[in-house]
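**Student:** Starting off with a structure, shown below.
What follows draws every value from the coordinates through simple rules; no lab data is involved. What you are looking at is a predicted structure, and each value in this text was computed from that prediction instead of being measured. Don't worry about glycine lacking a Cβ; one is built from the backbone with ideal geometry, like all the others, and counts go over all protein chains shown.
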C-alpha cells in the first residue's frame with residue numbers, strides 16, 4: 001500500500017471506498033453542495049436530496065453518517081465540509097485505454113488499484129483508440145506506456161530487416 | 001463841508017487856487033507848443049528822408065550805366081585780343097603739322113628699313129632652326145621607335161609568360177573546382193539516396209504497423225482488453241512505477 005496516502009480522511013472511508021472514478025467524485029461533490037444549500041431550510045428534505053442527487057453506491061453510508069439522531073445541523077454541516085475536503089485529497093491514477101470501459105472493466109480495474117496501490121486512489125479513465133490495447137498510465141507525475149500499438153511498433157522496428165527481406169522475396 | 005463857506009472864510013486860499021489854475025493852463029499851453037514843434041520837426045525829417053532816397057536811386061543808375069559802358073569796352077578789347085591769338089595759333093599749327101609730318105615720314109622710313117632687315121634676319125634664322133629641329137626630331141623619332149619596339153617586344157614576352165602562368169593556374173583551379181563539384185554531387189546523391197531509402201523504410205514500417213494494428217485491433221475482445229490493461233498495470237508495478245513516493 002502506498003504509504004503516502006492521506007491518513008486524516010479515514011473517517012470518510014465508507015464513502016470514498018465506493019468512489020471509483022473522478023466522474024463519480026464530481027457527482028458526489030455536486031450533491032454535497034446541494035445538500036449544504038438545503039441543510040438549514042425547512043422546506044427542503046435532505047434525505048430525499050441524498051437519494052436523488054447522490055450516486056447509488058454512497059446513498060446508504062451517507063444517510064447513515066449524516067442523519068444520525070443526535071446530530072445537530074452544525075455537526076452535519078461540518079461532516080459534509082470534511083467530506084468535501086477528503087474527496088479533494090483522493091489520489092488519481094490516469095488511465096488511457098483503447099476502448100469504452102464497461103462496468104466490468106471499471107470494477108476489475110478499481111479492484112486491482114485498491115489492492116495494489118491504495119484505498120484512497122480513484123481512476124481518471126479516458127479513451128484513445130490508437131493504443132489498440134493495453135494502456136497509457138500516469139500517476140503522481142510519472143508516465144508509462146504499455147500498449148499493443150507500441151509493442152507492434154517495437155516488433156516491427158526490431159524485425160524490420162527480416163520483414164523487408166520477406167517482402168523482397170515475395171516480390 | 002460847504003466850499004463857499006471855506007472860500008469866504010480864507011481869501012488867501014482863493015488866491016492860491018486861482019494861481020494854481022493859471023499855472024496849470026500855462027503848463028498845458030507849453031505842452032501843446034512842444035507837441036506842435038515836435039510834429040513840425042518830424043515832418044521835416046520825413047521830407048528830408050524822401051529827398052535822400054531819390055538821390056540814391058539816381059546815383060545807382062549812374063553807376064550802372066558806367067559799369068555797362070566799361071564792360072562793353074572790356075569785352076570788345078578781349079575779342080580783339082582773342083582774334084589775334086587765334087590767328088597766331090593757326091600759323092603755329094600749320095608749322096607744327098608740317099614738321100610733325102616730316103618727322104613721322106622719316107621715322108616710318110627708318111622703321112621700314114629696320115623691319116625689312118629684321119625680317120630677313122628672322123627668316124634666315126628660322127630656316128636654320130627648322131632644319132636643325134627637323135634633324136633632331138627625326139633622330140628622336142628614330143630612337144623612340146627603336147625604344148618602343150624594344151619595349152613592345154619585352155612586354156609581349158612578359159605577357160606571354162604571364163598568360164602561360166595564368167593558364168596553368170586557371171587549369172589547375174578549374175580541375176580542383178570540378179573535383180570539388182564532383183565530390184559534392186556524389187555526396188548529395190548519396191545523401192539523397194539515403195534519405196529516400198530511409199523514407200521507403202519508414203513507409204514500409206508504417207504500412208506494416210498500420211496493417212498489424214488494423215488486424216489486431218479488430219480481433220481483441222473486451223476480456224482480452226481488460227487482461228492486457230491489467231498486464232500493463234502489473235508490469236508497471238513490477239517496475240516500481242507506483243512506489244516511487246514510498247519513503
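**Student:** Take the alpha-carbon positions of segment A:10-89, form their convex hull, and give its projected area averaged over all directions (one quarter of the hull surface) in nm².
**Tutor:** Seen from a random direction, the Cα hull of segment A:10-89 projects 4.8 nm² on average.
**Student:** In peptide A:102-109, what is the residue-averaged number of other protein chain Cβ atoms found within 10 Å of each Cβ?
**Tutor:** 3
**Student:** Between 0 and 90 degrees, rounded to the nearest ten: what's the tilt of helix A:56-66 against the longest Cα principal axis of chain A?
**Tutor:** Roughly 30 degrees, rounded to the nearest 10.
**Student:** Something else about it: Using a ≥ b ≥ c from the Cα gyration tensor of segment B:177-238 (square roots of the eigenvalues), is it rounded, prolate or oblate, where a/c under 1.5 gives rounded and otherwise the larger of a/b and b/c decides, a/b for prolate?
**Tutor:** Verdict is oblate for segment B:177-238.
**Student:** While we're on this one: Mind giving me the nanometre distance, one decimal, between the label points for residue B:123 and residue B:37, set 7 Å out from Cα along Cα→Cβ?
**Tutor:** Inter-label distance under the simple model: 12.4 nm.
**Student:** In degrees from 0 to 90, rounded to the nearest 10, what is the angle of the helix B:222-238 Cα long axis to the longest principal axis of chain B?
**Tutor:** The helix B:222-238 is inclined about 80 degrees to chain B.
**Student:** Semi-axes, largest first, in whole Å: what does sqrt of 5 times each Cα gyration tensor eigenvalue give for the protein assembly as shown?
**Tutor:** 152, 88, 16
**Student:** Sticking with this one: Which order do B:39, A:112 fall in if you start with the one that has the fewest other Cβ atoms within 10 Å?
**Tutor:** B:39, A:112
**Student:** Evaluate the relative contact order of chain A (contact order divided by residue number), counting alpha-carbon pairs under 8 angstrom at least 6 apart; express in whole percent.
**Tutor:** 23 percent
**Student:** Equivalent ellipsoid semi-axes for segment A:13-58, as square roots of 5 times the alpha carbon gyration tensor eigenvalues: give them largest first, rounded to whole Å.
**Tutor:** 21, 10, 8
**Student:** In chain A, what % of DSSP beta bridges are antiparallel (nearest 5)?
**Tutor:** Of the beta bridges lying entirely in chain A, close to 60 percent run antiparallel.
**Student:** Something else about it: Rounded, prolate or oblate: which fits segment B:3-173, taking a ≥ b ≥ c as square roots of the Cα gyration tensor eigenvalues, rounded meaning a/c under 1.5, else prolate when a/b beats b/c?
**Tutor:** oblate
**Student:** Could you give the nm distance between label points at residue A:8 and residue B:63, where each point is 7 Å from its Cα heading toward the beta carbon?
**Tutor:** 15.1 nm
**Student:** Cα axis of helix A:148-158 to longest principal axis of chain A: angle in degrees, 0 to 90, nearest 10?
**Tutor:** 20 degrees
**Student:** Now a separate question. Counting each DSSP H run of 4 or more residues in chain B as -39500 (n - 2.57), what helix-only mean residue ellipticity at 222 nm follows after dividing by all residues, to the nearest 500 deg cm²/dmol?
**Tutor:** -35500 deg cm²/dmol
**Student:** Taking a quarter of the surface of the Cα convex hull of segment B:112-222, what do you get in nm²?
**Tutor:** 19.7 nm²
**Student:** How big is D, in µm² s⁻¹, for segment B:35-118 by Stokes-Einstein at 25 °C and 0.890 mPa s if Rh is the Kirkwood radius over C-alpha pairs?
**Tutor:** D = 122 µm²/s.
**Student:** Please compute, for peptide A:144-156, the average count of beta-carbon atoms on other protein chains lying within 10 Å of each residue's beta-carbon.
**Tutor:** The mean count of partner-chain Cβ atoms within 10 Å per residue comes to 5.
**Student:** May I pose another question? If you restrict to DSSP beta bridges whose two residues both lie in the protein assembly as shown, what percentage is antiparallel, to the nearest 5?
**Tutor:** Expressed as a percentage, antiparallel bridges in the protein assembly as shown total about 60.
**Student:** Further question: What ranking of A:106, A:125 emerges when the number of other C-beta atoms within 10 Å of each C-beta is taken as an exposure proxy, fewest first?
**Tutor:** A:106, A:125
**Student:** State, to one decimal in nm, how far the label point of residue B:164 lies from the label point of residue B:224, with both points 7 Å from Cα in the Cβ direction.
**Tutor:** Placing both labels 7 Å along Cα→Cβ, they lie 8.7 nm apart.
**Student:** Quick check of the Kirkwood formula: for segment A:91-158, what is the inverse mean of 1/r over all pairs of different Cα atoms, in Å?
**Tutor:** 12.7 Å
**Student:** Okay, moving on. May I have the convex hull volume per residue, in Å³, for the Cα set of chain A?
**Tutor:** Dividing the Cα hull volume of chain A by its residue count gives 137 Å³.
**Student:** Based on other C-beta atoms within 10 Å, arrange A:153, B:206 from fewest to most.
**Tutor:** Taking fewest neighbouring Cβ atoms as first place, the list is B:206, A:153.
**Student:** Turning to a different aspect of this structure: In whole Å, what three semi-axes, largest first, describe the equivalent ellipsoid of segment A:55-130 built from its Cα gyration tensor (square root of 5 times each eigenvalue)?
**Tutor:** Equivalent ellipsoid semi-axes, largest first: 32, 13, 11 Å.
**Student:** Given contacts defined as C-alpha pairs under 8 Å and at least six residues apart, what's the relative contact order of segment A:91-158, whole-number percent?
**Tutor:** For segment A:91-158, the relative contact order is 39 percent.
**Student:** Quickly rank A:54-61, A:144-151 as a protection proxy: mean count of other C-beta atoms within 10 Å, highest first.
**Tutor:** Answer by packing, highest mean first, reads A:144-151, A:54-61.
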